[in-house]
1. What is the sum of charges, Lys and Arg at +1 and Asp and Glu at -1, for the other residues whose Cβ falls under 11 Å from the Cβ of Lys102?
2. Need one word for region 1-138: rounded, prolate or oblate. Basis is the Cα gyration tensor (sqrt eigenvalues a ≥ b ≥ c); a/c below 1.5 gives rounded, then a/b vs b/c decides.
3. Going by Cα centres, region 174-242 and region 44-117 are how many Å apart?
4. Of the accessible area of the chain, with the probe set at 1.4 angstrom, what percent is carbon plus sulfur?
5. Kindly report the accessible area of region 1-67 per residue (heavy atoms of protein chains, probe 1.4 Å, no ligands, DNA or RNA), in Å².
6. Taking the Cβ of Ala222 as the center, what net charge do the other residues with Cβ under 13 Å away carry, scoring Lys and Arg +1 and Asp and Glu -1?
7. May I ask you to derive the relative contact order of the chain, considering only C-alpha pairs under 8 Å and at least 6 residues apart, and to give it as an integer percent?
8. Using a simple spin-label model with points 7 Å from Cα along the Cα→Cβ vector, what separation in nm is obtained for Thr89 and Glu62?
Amino acid sequence: MLKIDSHQHFWNFDEVRDSWITEEMDVLRDDFLPQHLKPILDHYNFDGCVVVQSDQSQKENEFQLNHAATHSFIKGVVGWVDLQAADITDQLAILSGHEKLKGFREILQGAADPALMLKPEFVNGISKLKAFGFTYDILIYPHQLKYATELAARFPDQPFVLDHIAKPGIKAGSIADWKQDIEGLAKHENVSCKVSGMVTEADWKRWKAKDFDPYLDVVFEAFGAKRVMYGSDWPVCLLAGDYGRVLSVMENYIAKLSENEQNLFWGGNATHFYNLK
């Protein structure tokens, strides 16, 4: 069974395009490319990764797919497409020709309309994905979980995966409302969850592994062993810890699971969800 990092990014830093990288995030103001990640994955015995878009453009797809074509350890690409486009079906038909393009993501957490995912044009785009075998990554904040739940309910045959456990307020210890909404979303069995991005929602300088336990307990209980997958969120995770430190949080937490459940978490679930080769 493959050991897969199901969520990471590559970019050539551009201060205009990447304006979301603020001064306090200076460590990310650099180029992060396959040749930088490959030695890290090798060191921690990962077989490959899934790279996820960080820019909403057609150029982003080309950039990531070019890397995937020349680096076999990149098993899949989550790209971007304008789901609200009138010609979305035609666009998807063309994009389906790329074997390593597995699905798409919109940066919904930054949308001016927090319920953008329920707009008729957006919903129409989502409705076209399944026919081409594409998945959808849901990137949201906790207050958007109810919208995601409604979206998942409308398309019970569409595979969705929640990124970064919906970014709960770990630093503040906020959990009650998020927990309730996570449990609601997880009732829809077409939704999986990436256990990723947690350290950047904690206190970047002072977090401890135990800070994440209450949130992990909720996620593993709600989604079960067959719908959770590991993601490092490299290089964004570098804001709060290096790859090994982030990885150790999950190594310690899942040590209590069965061998089969651990295999599913480290790679089996991601391989199945994204149909990785």
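The values are calculated or read from the model by the stated rules, or taken from the named source; none is laboratory data. None of the values given here were measured: they were computed from a predicted structure. Please note: Cβ atoms are built from the backbone with ideal geometry, for glycine as well, and neighbour counts cover all protein chains shown. Surface areas here come from the heavy atoms of the whole protein model, side chains and all, with no ligands, DNA or RNA. Shrake-Rupley method; radii C 1.70, N 1.55, O 1.52, S 1.80 Å.
1. Once all neighbours under 11 Å are counted, the net charge is +2.
2. Cα axes put region 1-138 in the oblate bin.
3. Computed from Cα coordinates, the inter-centre distance equals 22 Å.
4. On the way: 5960 of 12280 Å².
Carbon and sulfur together cover 49 percent of it.
5. Computed with neighbouring chains in place, this is 51 Å² per residue.
6. Taking every Cβ under 13 Å from that of Ala222, the sum is -1.
7. Details: 474 pairs, mean separation 55.3, N = 277.
Relative CO of the chain lands at 20 percent.
8. Between Thr89 and Glu62, the simple spin-label model gives 2.7 nm.
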